[in-house]
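Values quoted throughout were computed directly from the atomic coordinates according to the rules given, and no laboratory measurement underlies them. Just so you know, these numbers come straight off a predicted model, no measurement behind them. Cβ coordinates were reconstructed from backbone atoms using ideal geometry, including for glycine residues, and neighbour counts include every protein chain displayed.
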């Protein structure tokens with residue numbers, strides 16, 4: 001039964017909002033803390049025992065005994081063939097949209113002349129990446145599209161997919177079908193913290209990779225946190241969140257459905273509606289109660305849905321920038337003007353025809369987004385996350401360099417050979433006494 005407290009109240013200050021949100025933050029912190037000790041044990045055992053530990057934890061958590069982790073290419077191909085035509089057509093169209101959007105993100109190297117020298121940055125794709133696709137409470141084949149496509153555009157040489165099996169040792173056919181469609185040949189039926197550890201260190205069956213991307217459960221998140229630095233990661237995904245800003249022109253029924261769609265993700269998902277219009281808030285609350293009464297969902301939830309009355313839309317933008325939400329829906333009379341007030345949001349959805357669910361399922365932009373206020377300092381997953389820059393300098397004329405100027409800092413820092421290394425090229429090398 002879906003038990004959701006619905007909180008409707010005036011929002012008087014950001015301090016009050018912060019207090020209201022402490023429940024979500026504290027619940028998440030406690031869960032992370034409990035998961036960390038167990039995750040450390042999993043990581044260390046996989047590091048020491050490799051495949052044997054993968055097998056043990058897969059049997060323990062997924063209920064199946066896996067001996068062959070890599071899905072055969074024939075199974076990938078058959079999965080695509082077994083999908084109905086409607087599915088194949090939908091994936092083909094979504095792939096085009098997502099690829100078209102991300103194609104514009106590809107970085108390029110640059111160089112320029114500078115004081116008779118060359119300097120610049122060279123961009124190169126990563127060698128290998130693991131794309132994690134969740135398969136727990138809800139499988140997310142859409143995450144496969146969102147992680148693999150930008151990696152392919154970047155030019156990553158080796159792209160593998162990690163996804164947990166069910167109790168029969170099988171992976172959702174939709175995930176395998178999309179992998180085949182995208183040209184991925186290596187899909188491993190392993191998930192959880194053990195999968196993250198496996199591709200961080202490498203085992204007999206799993207290759208070590210340069211970076212791991214894609215959302216997962218709390219154990220996946222903690223494993224990525226603990227192994228960051230051993231392997232690259234995209235971000236630490238927390239519970240999903242949406243803030244919706246509505247006004248008198250909004251549809252309360254649609255607002256209610258959009259709030260509930262976000263609440264489906266996770267018991268700790270954050271769903272907030274901000275509006276200066278009390279009538280819209282009250283109507284939305286009535287629709288929420290009606291939906292929950294008539295269509296109970298299959299999981300319980302104790303974190304409330306927040307419906308806040310703000311004094312004005314200007315106050316709403318202040319609240320949005322304070323929260324820095326993963327998703328922001330602007331369902332107002334003039335979204336094309338209002339969105340200019342927003343500084344912090346992972347992804348913006350403008351107008352009544354743009355629910356977050358549209359972005360979840362491949363309208364174009366990526367749905368792997370910063371959570372937990374991370375939109376204040378980070379960005380959605382993109383092609384840029386699958387490569388790196390190296391800077392370079394190439395002095396062409398040593399007479400143009402002021403060696404004494406550079407060596408002065410070495411002298412201040414007390415680095416003897418740094419200074420000598422510079423002065424030797426400027427003709428001021430000290431004699432060896």
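Would you mind calculating the relative contact order of the chain from Cα pairs under 8 angstrom and at least 6 residues apart, reporting the percent as a whole number?
21 percent.
Tilt of helix 192-201 relative to the longest C-alpha principal axis of the chain, in degrees (0 to 90, nearest 10)?
Between helix and principal axis, roughly 10 degrees.
In what sequence do 146, 47 fall when counting other Cβ within 10 Å, fewest first?
Ascending Cβ contact count within 10 Å gives the list 47, 146.
Return the FRET efficiency for the residue pair residue 401, residue 38: r is the Cβ-Cβ distance, R0 is 51 Å, and the value is rounded to the nearest 0.05.
0.35
Of all DSSP beta bridges in the chain, what percent run antiparallel (nearest 5)?
30
Let me know the whole percent of all Cα-Cα pairs from the stretch 300-433 that are separated by more than 27 Å.
Taking all Cα-Cα pairs of the stretch 300-433, the fraction more than 27 Å apart is 51 percent.
Using Cβ counts within 10 Å as a stand-in for footprinting exposure, how do 64, 131 rank, fewest first?
Neighbour counts put them in this order, fewest first: 64, 131.
If contacts are Cα pairs under 8 angstrom and at least 6 residues apart, what is the relative contact order of the stretch 113-260 in percent?
It comes to 22 percent, rounded to a whole number.
Can you work out the FRET efficiency for the pair residue 19 and residue 167, with r the C-beta to C-beta distance and R0 = 35 Å, to the nearest 0.05?
Taking R0 as 35 Å, the efficiency between residue 19 and residue 167 is 0.25.
In square nanometres and to one decimal, what's the mean projected area of the convex hull around the Cα atoms of the stretch 173-256?
That works out to 8.5 nm².
Let me check I have the definition right: for the stretch 43-161, take the eigenvalues of the Cα gyration tensor, multiply each by 5, take square roots. What are those semi-axes in whole Å, largest first?
Semi-axis lengths for the stretch 43-161 are 36, 25, 11 Å.
Using Cα-Cα distances under 8 Å and only pairs 6 or more residues apart, what relative contact order does the stretch 187-230 have, in percent?
39
If I fit a long axis through the Cα atoms of helix 173-182 and take the longest principal axis of the Cα atoms of the chain, what angle between them do I get, 0 to 90°, rounded to 10?
Helix 173-182 sits at roughly 40 degrees to that axis.
Add -39500 (n - 2.57) for each DSSP H run of 4 or more in the chain, then divide by its residues: what number comes out at 222 nm, to the nearest 500 deg cm²/dmol?
Taken over the chain, the calculation gives -14000 deg cm²/dmol.
When Rg is the radius of gyration of the Cα atoms in the stretch 26-65 and Rh is its Kirkwood radius, what does Rg/Rh come to?
Checking Rg against Rh, the ratio lands at 1.10.
Tell me the angle of helix 141-154 to the major Cα principal axis of the chain, expressed in degrees between 0 and 90 and rounded to the nearest ten.
Roughly 20 degrees between the two axes.
Run the simple label-point estimate for residue 201 and residue 90 please: 7 Å along Cα→C-beta, distance reported in nm.
Inter-label distance under the simple model: 4.1 nm.
Counting other beta carbons within 10 Å of each residue's own, what order do 420, 248 fall into, fewest first?
The order, fewest Cβ neighbours first, is 248, 420.
When N is the residue count of the stretch 1-95, what does its C-alpha Rg come to as a fraction of 2.2 N^0.38 Å?
Compared with the compact-globule rule of thumb, the stretch 1-95 sits at 1.83.
Which residue, 410, 223, 208, tops the fluctuation ranking in a GNM of the chain built on C-alpha contacts under 10 Å?
410
Taking springs between alpha-carbon atoms closer than 10 angstrom, which of 197, 53, 345 fluctuates most in the Gaussian network model of the chain?
Of 197, 53, 345, the Gaussian network model singles out 53 as fluctuating most.
Evaluate Rg over Rh across the stretch 106-158, taking Cα atoms for both radii and Kirkwood's formula for Rh.
1.27
Using the beta-carbon distance between residue 413 and residue 29 and R0 = 51 Å, what value does 1/(1 + (r/R0)^6) give for FRET efficiency, to the nearest 0.05?
After rounding to 0.05, the efficiency reads 0.80.
For the stretch 248-357, what is Rg from Cα atoms divided by 2.2 N^0.38 Å, rounded to two decimals?
1.03
With no solvent and one equal point scatterer per Cα, compute the Debye intensity ratio I(q)/I(0) for the chain at 0.07 Å⁻¹ and report its log10, rounded to two decimals.
Scattering profile of the chain, log10 relative to I(0): -0.44.
For the chain, set up a Gaussian network in which alpha carbons nearer than 10 Å are linked by springs, and say which option among 314, 36, 112 fluctuates the most.
Top of the fluctuation ranking is 112.
Given the stretch 135-286, what whole percent of its Cα pairs are spread farther than 26 Å?
Result for the distance tail: 39 percent.
Quick one: check the C-alpha center-to-center distance for the stretch 69-91 versus the stretch 220-237, whole angstrom.
The stretch 69-91 and the stretch 220-237 have Cα centres spaced 30 Å from each other.
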